[in-house]
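**Student:** The structure under discussion is supplied below as structure tokens; questions concerning it will follow.
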Amino acid sequence: MMIHKCKPMKSGNHRRVIPLRPLITAGMILLMLLLCISITQGTANISMDTVVNAFTHFDSKNPQHLMVIDLRLPRVLISGLIGAALAVAGAIMQGTTRNPMADSGLMGINAGAGFAIALCFAFMPEVSYGMLIVFSFLGAALGALMINGIAASHKGGRSPMDLVLAGAAISALLSAFSQGIALGFEAGRDVLFWTVGGVANVTWQQFYILAPVVSAALLCAFLLSPYVSILNMGEDVATGLGLNTALIHCLCTLVVLALAGISVSVVGSVSFVGLIIPHGARFLVGVDYKKIIPSAAVLGALLLVLADLGARTVNPPFEVPLGVITSLIGVPFFLYLSQKTRRVA
């Protein structure tokens, strides 16, 4: 992540905000309903009665029961976890850097993780999923370091727009390297999946690894949220309050890299979730990151489950890449936000 001296992000100070507990409760109820609907929809629609029977009286010889338990259930659960992970990563980045356009997809972190995965496919095709997560984390760190190096190279490179431009350049560079590796080592099909993003081929094995890692990282994010609020006031204010800003930045960076790295290792490069959701959470609950981060987790899960449902149902029986769905939502918001940021600057 990059540290710069942008102005603190503003929110409607005189606007009534929604209390956190009712928002989380309503969000979780809506998420459960959406998960149930998502399990029933796809290339082959399955009735809710069949879904209930698959849970209560599972029959391994029933193809619809197998589809529910082995294919769609891990898919929707992983979609929710990844949505929460990407949204919280974006919220932490925006809070600690005070950059309203910060997002792991825009800042080169996703591209770095994808580059590391491309290297694995080319040189270690039999690598285990656990090691793939490790390499994805290291790749995400590489992307963050490259952006941080560019931002630190000159005084004018720390504005939100300059950081986004630097992130776009690094993302393009690492993506080009990934595509070159894919073509040179005949790993194009595998790398293409990670380029466009999707949850079509996820498994329970991935969920069993993903769930504890994401849960631990989210817990760390919740614990760090009060310090993110202080950092969002500015480095001078945080230092004056006795906060060890270097340590908090380091811990927040590790949490972001863990959340973004493991997300890319599962679903590929899915951008804009971490850009859109923190702004939505900030609009609903105010500027306190003790409220923004848990709200972002629920809203991010909702967005990605809904996006995956759209990916399966917009053009059946074909499936639209998940990254395309999130980009259709995120690009207009990004353009609006960039114009707003320029006017403020």
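All of the numbers you see were taken from the coordinates with simple rules; none came from a lab. Predicted, not measured: the structure shown is a model, and the values here were computed from it. Virtual Cβ from ideal backbone geometry, glycine too; neighbours counted across all protein chains shown.
**Student:** Just the residues that are of a type outside the set (S, T, N, Q) and in a loop (DSSP other than H, G, I, E, B), please, taken from region 196-234.
**Tutor:** Correct list: Gly197, Gly198, Val199, Ala200, Val202, Met233, Gly234.
**Student:** If you don't mind, there's one more thing I want to ask. Could you name every one of the helices (runs of 4 or more DSSP H) located completely within region 235-340 that has at least 3 residues being in contact (Cβ under 8 Å) with a residue 12 or more places away in the chain? Steps first, answer last, please.
**Tutor:** Values: elements: 235-240, 245-267, 273-285, 289-313.
Qualifying helices (runs of 4 or more DSSP H): 245-267, 273-285, 289-313.
**Student:** Keeping to region 38-85, report how many residues are in a helix (DSSP H, G or I) and in contact with a Leu (Cβ under 7 Å, 6 or more places away or on another chain).
**Tutor:** Total meeting the criteria: 11.
**Student:** Taking the stated definitions as given, is Ala26 closer than 23 Å to Ser265 by Cα and either crowded, with 19+ Cβ neighbours inside 10 Å or within 22 Å of the chain's Cα centre (by Cα) (or both)?
**Tutor:** When the stated conditions are applied, Ala26 does not pass them.
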